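Single-structure report; data block below.
The values are calculated or read from the model by the stated rules, or taken from the named source; none is laboratory data. Nothing here was measured: the structure is a model prediction, and the numbers come from that model. Cβ: placed from backbone, ideal geometry, glycine included. Neighbour counts: every protein chain shown. Ligands, DNA and RNA are excluded from the accessible area calculation, which covers all protein heavy atoms including side chains. Shrake-Rupley method; radii C 1.70, N 1.55, O 1.52, S 1.80 Å.
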Amino acid sequence: MRQLPNRPFPRLTWRSAERIQADVDEEIGFELDMRTAELVKEGVPEADARARAVAEFGDMEHTRRYCAELDREGEREERHTEWLAGVRQDALLAWRGMRRTPGFALVVLAMLSLGIGANTAVFSVVRKVLLDQLPYRQPDQLLRLYGGAAGQPNARGMLSASDIEALRQSRAFASIAPFGNSAGYTFVSDRGADIWQGMSVGGGFFRLLGVQALIGRAIDERDAGPDATPVVLLSYGLWQRSFGGDSSIVGRGVQLNGRTRTIIGVMPPDFISPTFTAEAWTPLDLRLLGRDPAAARRTHVLRAIAREADGMTTPRLRSELDAIARRARDEDPESRDAGPAVAVPLRDAMVGDVRPALLVVMGAAALVLLIACVNVAGLFLSRGRARRRELAVRAALGAGRARLVRQLLTESAMIGIAGGAIGVALAFGLKRILVGAAALVLPALGDVPIDAGVLGFALAVSLLSAVAFGLVPAIVGTRFDLHHTLGESSRGASGGRVSASMGQALVVGQVALAVVLLIGAGLLGRTLVTLEHAGVGFDTGPDVLTARVNLSSASIEKYGSAANRTVFYDEFARRIRGVSGVRAVGMIDVSPWNGGTGARLFAIEGRAESTDWREDGAAYSIASEEYFAVLGIPLRRGRWFTSQDRAGAPLVALVSDGLARRYWPGASPVGARVRI
């Protein structure tokens, strides 16, 4: 009975360096022996003949090294040629095999391409968000600064102008750049009006980041002076959308909120705002906030980014921030509730809570690919049983087991690479779907490319998948008895029993992985259903419409006092109510679905020392009396706003049910007084 040799590793068919050197020494010795014999025949004594033969040979050591190097080079070329010829032959055999069974190849490619495509798409997003360096100068030194609260180390509040000035005087930072809240700029042109998403930034904002404008220049300190010309800096996308990429745009005046501003530059297309998506930037002048010292200390409306000083460590940075907070409390006893500023690495501030979610999605995609590999391994194992007679014939003709395993792995690699190529094509579409679905939670990090790094990841995943689903079936499929396999009664062969056992193990693994994935999908589905029924706390039906209204600077000056501006909004609401089909009109300064609500620390009257505020302060908005009725928000207790709650009347406020439960547990907040 002849069996296919079962070696754990294929035997090397090429010579080692030691073997090559031994062969060279043997050849040189043979040449010396032949020359010595010739000299002896000529009458030279044997001892002298050997010495003469060696002398005639020349530098023997150099010849040994030279011949050995030539032999090794020839060995490498021969090995390379044989390897390429073998791979080419294996690839042709694999191609013919797939053409004979196109259904099998298509099923395998479909499963692999979906798994590899999903992993490639998710990896492109994970790499952009979590792994790539931020596109700024020395990004590891960049920090995001927040206002602090006493006893709340995780506070994420706003900063005042005094806070910014105190932080600038600290040795902890090389530079600090404040910026304000987001703002909507109404741009009026011959083609109509458009809303630009804008932000005001300090003069050193772009210099701190180490970025430059594509054309023109960025905002700097000269743009924030009292006599400075009003300017605006555009993003690349806004430049293309509103001006068609006109390169002569620098120096042109535009009307924003009724005020003429001069365009000074356009940022590059790959520039990413470190805070949020902004289309236009205007100068921020801190001196306007610093005119009133009390307002400069207590008006918290600013944010900031900073570059830490060289050699600064985290303990030293915390110590500096604590010292700044102590000095601020000594200078203003009413600020005793304020804590030290909080410094967070800029990447962490930009990524926020997205990191765990992305890692979970990456794990789910990897699990899907693993299930696909198990499925494909099962298919290859079944196919291997059908091909055992073919492989046995090849073995009988002289092919070793290592050669057969290599042939099967070549077929797996070809299918894996083909699946990877299709998966990369799918990844372009899947990436857009993923980014679009997660646009509200993903940080604005610009375009998510599928570049050489992502393609390298896809190639690595394809090859690893080929090994994962091809190695075991290749080893098991080439373990057979030639006599029984080539004979008519091959059912009892040991290889068949091994294949069956391996197939059962793959089925068990596949079921286990599928159960894990189904449980995760079920929990996610249950969460989504719960959220769908829970609602968001207000009416989101199709009959609720929103509109954004901005009063321009010129209009604000025209109406003058706040009372006159109130008259404008009252008249605006009255006219909207007169439109056919409109039942009610409510107004608010910041809508809840847009975020960005203001935050204030507050104290409750009658409590000796109130430090019980939310970590980011109490979020607040300013709303009209009909706002809650329009959105169908229920009233737990107390009353709604009325038209009598205007200027000159006692100040009133509505609080959320969650705020009431937190600060007035077991009691009613109606009638309580708070100091903001």
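Some observations on this one:
- Estimated at 0.36 nm per residue, the fully extended path between R318 and A55 surpasses their Cα-Cα distance by 86.6 nm.
- Maximal additional length on extending the Q138-I604 stretch stands at 163.3 nm, based on 0.36 nm per residue less the C-alpha distance.
- Sorting K41, K558, K128, K431 by accessible area puts them as K41, K558, K128, K431; the probe is 1.4 Å, largest comes first, and only protein heavy atoms count.
- Protection-proxy order for peptides 454-463, 412-421, 101-110, each taking the mean of Cβ atoms within 10 Å per residue, highest first: 412-421, 454-463, 101-110
- Descending by average beta-carbon neighbour count within 10 Å, the peptides 631-641, 256-266 line up as 256-266, 631-641, the highest first.
- Using the Cβ-Cβ distance between R252 and L92 with R0 = 56 Å, the FRET efficiency computed as 1/(1 + (r/R0)^6) comes to roughly 0.30.
- R0 of 45 Å, Cβ-Cβ distance R526-A17: FRET efficiency to nearest 0.05: 0.10
- Candidate cross-link partners of K128 among the lysines, defined by an alpha-carbon separation under 24 Å and a same-chain spacing of 8 or more, comprise K431.
- Fraction of the pair-distance distribution of the stretch 22-146 above 24 Å, Cα-Cα pairs, percent: 70 percent
- The simple Förster model, with R0 at 35 Å and r as the Cβ-Cβ distance, assigns F572 and S656 a FRET efficiency of 0.80.
- Area accessible to solvent at R96, 1.4 Å probe radius, in Å²: 120 Å²
- H62 contributes about 100 Å² of solvent-accessible surface, heavy atoms of the protein only, 1.4 Å probe.
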